[in-house]
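The values are calculated or read from the model by the stated rules, or taken from the named source; none is laboratory data. The shown structure was predicted, so the numbers you read here are calculated from the model rather than taken from an experiment. All Cβ positions, even for glycine, are placed from backbone atoms using ideal geometry, and neighbour counts span all protein chains on display.
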């Protein structure tokens, strides 16, 4: 996008567009001198007793100051590093002028989930990690500014939820209501197509509702997104697992196209003795029982979690941080996270580990689980662990952990949570034999069109990539929507 937009009015909202300056008019030296600003947070001693979001929204005047730290560099590496290529400098130029609603609309042009991405993206690896300002100091607080302008717009202005085209007569089924499904459904609905979303859980939202605790993403923010989709005419069918209640072929016969966005819901297993003992929990099951009301859960998950005293969580990503921080809020006396490498190799966000430490979580690095220990009744009583040391890099490029013989030790625990990753559901493919999958059960697609091996069936998100980021799933969904539109216009075209 060029620095100067010749339009004076936003065609979608009728709001006046504040013209961005020519690059030579920006006093970058002055902007480099502006001190970094951040929104306030709940104190650890307070937040461990509630489930509210840890970080408050920016004060409007402070947000404007932080936005002036953006030097409006023409190359915009932050924009290139964003999987959906948000025009971050363009939004922040409007933000610093005080036009918060227009700044939010800039994010909404390229992202169906700016409120969620602002909270959940690992900005330190993406936009903020490529921010030029960050080379000599703290980067611009891109994620928190994105959250601020989009939430300000929700409260003080309006979000456009009208289709931009008349009814097309085409219909599309979207399997899954997580980030990929939302990204696809919104764009197709805006283009005038009938969209029906199918969700296996009792309520729509997928990962956003069932996989992420309130202290990172409040549930009303998710509900507002589905209100938007409803206003666009998107239909929701919940409590329906495709492959059981309906087959993929049935959907393909009823709809003009199908988009598969059911994610990677299957928890990985440790493969150690007594892993099935009472008191060992898969991460998703633990999180949903901790974070959602009974009526939002399937019948088999409605029993409250037992009293937590000593909790051990196994893993090193953001899901493991969600688990340890949830355990703290559930009143556990001690919460320990074990990870087989060092903190340097951890994949999750630094901010989440900082929050966990502030809240009292203990970390045991270079530690591997060996066996679940049980009492005379067969219930969990602890976890036998082994110390590790780092060897040569493995195929991921990270140093390979190697066990140290004779280093076993026991951690007492009455609850163990396994958060070591997720895989695609292998069972759904039994009802979709025409859809090619790889050896991990993931759907194989053409990366340019997101089409699968079955005609009229497209896929994206974690069921294609494996467990990944919210924003990469969103990008897949939006990309698939564009490809589906081409397919609907000409089903016989050569791909």
Could you count how many residues in region 381-409 are free of Cβ contacts under 8 Å to residues at least 12 places away in the same chain and under 30 Å from residue 330 (Cα atoms)? 0
For region 410-433, state whether one or more residues are in a loop (DSSP other than H, G, I, E, B) and free of Cβ contacts under 8 Å to residues at least 60 places away in the same chain. yes
Considering region 414-427, residues that are surrounded by 24 or more Cβ atoms within 10 Å (Cβ to Cβ) and out of contact with any helix residue (DSSP H, G or I) (no Cβ under 6 Å at 6 or more places or on another chain), and then whichever is farthest from residue 308 (Cα to Cα), we arrive at 418
Being in a helix (DSSP H, G or I), more than 30 Å from residue 297 (Cα to Cα) and in contact with a helix residue (DSSP H, G or I) (Cβ under 9 Å, 6 or more places away or on another chain) narrows 126, 145, 188, 209 down to just 145
Pairing a residue in region 33-57 that is assigned by TED's automatic domain parsing to the domain that holds residue 150 and loosely packed, with under 13 Cβ neighbours inside 10 Å with any residue that is at pLDDT 95 or above and in a strand (DSSP E or B), where Cβ atoms lie under 8 Å and the two sit 6 or more apart in sequence or on different chains, gives 40/55
Can you tell me how many residues within region 246-270 are assigned to a loop (DSSP other than H, G, I, E, B) and either under 27 Å from the mean Cα position of the chain (by Cα) or modelled with pLDDT of 95 or more (or both)? 10
Just give me the residues in region 271-284 being modelled with pLDDT of 95 or more and within 26 Å of residue 53 (Cβ to Cβ), in sequence order. 281, 282, 283
For residues that are assigned to a loop (DSSP other than H, G, I, E, B) and either touching a residue at least 40 places away in the same chain (Cβ under 8 Å) or touching a strand residue (DSSP E or B) at 6+ places or on another chain (Cβ under 9 Å) (or both), tally how many sit in region 308-335. 8
Does residue 167 satisfy the criteria of being more than 22 Å from the chain's Cα centre (by Cα), surrounded by fewer than 22 Cβ atoms within 10 Å (Cβ to Cβ) and under 28 Å from residue 41 (Cβ atoms)? no
Taking the conditions exactly as written (at positive phi, modelled with pLDDT of 95 or more and either within 18 Å of the chain's Cα centre (by Cα) or not assigned by TED's automatic domain parsing to the domain that holds residue 230 (or both)), does residue 143 satisfy them or not? no
Considering only residues that are loosely packed, with under 15 Cβ neighbours inside 10 Å and either in contact with a helix residue (DSSP H, G or I) (Cβ under 8 Å, 6 or more places away or on another chain) or under 19 Å from residue 309 (Cβ atoms) (or both), which ones fall in region 341-363? 343, 362
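Residues checked against (1) surrounded by 21 or more Cβ atoms within 10 Å (Cβ to Cβ); (2) within 22 Å of residue 40 (Cα to Cα):
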| site | (1), (2) |
| --- | --- |
| 83 | yes, no |
| 103 | yes, yes |
| 107 | yes, no |
| 113 | yes, no |
| 116 | yes, yes |
| 129 | no, yes |
| 132 | no, no |
| 137 | no, yes |
| 158 | no, no |
Being modelled with pLDDT under 90 and assigned to a helix (DSSP H, G or I) narrows it down to one of 24, 64, so name that one. 24
Hey, any hits in region 201-211 for a residue that's buried (at least 19 other Cβ atoms within 10 Å of the Cβ) and more than 20 Å from the chain's Cα centre (by Cα)? no
Matching option when the condition is under 18 Å from residue 190 (Cβ atoms) and either assigned to a helix (DSSP H, G or I) or modelled with pLDDT of 95 or more (or both), among 473, 482: 482
Consider region 212-243. How many of its residues are closer than 21 Å to residue 172 by Cβ and assigned to a loop (DSSP other than H, G, I, E, B)? 8
Members of region 283-314 found to be closer than 21 Å to residue 374 by Cα and buried (at least 18 other Cβ atoms within 10 Å of the Cβ), listed by number: 283, 286, 308, 310, 311, 312, 313, 314
Qualifying residues in region 285-307 (those that are assigned to a helix (DSSP H, G or I) and touching a helix residue (DSSP H, G or I) at 6+ places or on another chain (Cβ under 7 Å)) - the one farthest from residue 365 (Cα to Cα): 301
